[in-house]
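The values are calculated or read from the model by the stated rules, or taken from the named source; none is laboratory data. A quick note: this is a predicted structure, and the numbers were derived from the prediction, not measured. Don't worry about glycine lacking a Cβ; one is built from the backbone with ideal geometry, like all the others, and counts go over all protein chains shown.
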Amino acid sequence: MIRFFRISLFVAGLSLFSSSLLFAAAAEDKGPSVIDMKMGKKTFKFTHHKHQQLTNNQCWECHDKKKGKIDGWGEATAHKLCIPCHDLNEKGPVACKGCHKK
């Protein structure tokens, strides 16, 4: 019985240690704090780390399969990714004038 308890304790400790290493590795690779995003001829400042915090570091919310640039970034992708999230969280531009300024 004592041996079973020791093995269980060891496995639990190993699991905690492994998950802390995985978390530490993920936390280090956050990408840039602010990104200059291009939309047509215009460039705007995208607060990358702020958005990561808002999505609890769930990169897949915006990125398809890998970290880095968003595949197919453009107006259609912004409408698909940004507007629903901004609307849901009641933060950020959702109306046309928010991004399409004359």
Under 15 Å from the mean Cα position of the chain (by Cα) and modelled with pLDDT under 90: is that true of LYS66 in this structure?
yes
Test HIS100 against the stated conditions and say whether it is at pLDDT 90 or above and surrounded by 10 or more Cβ atoms within 10 Å (Cβ to Cβ).
no
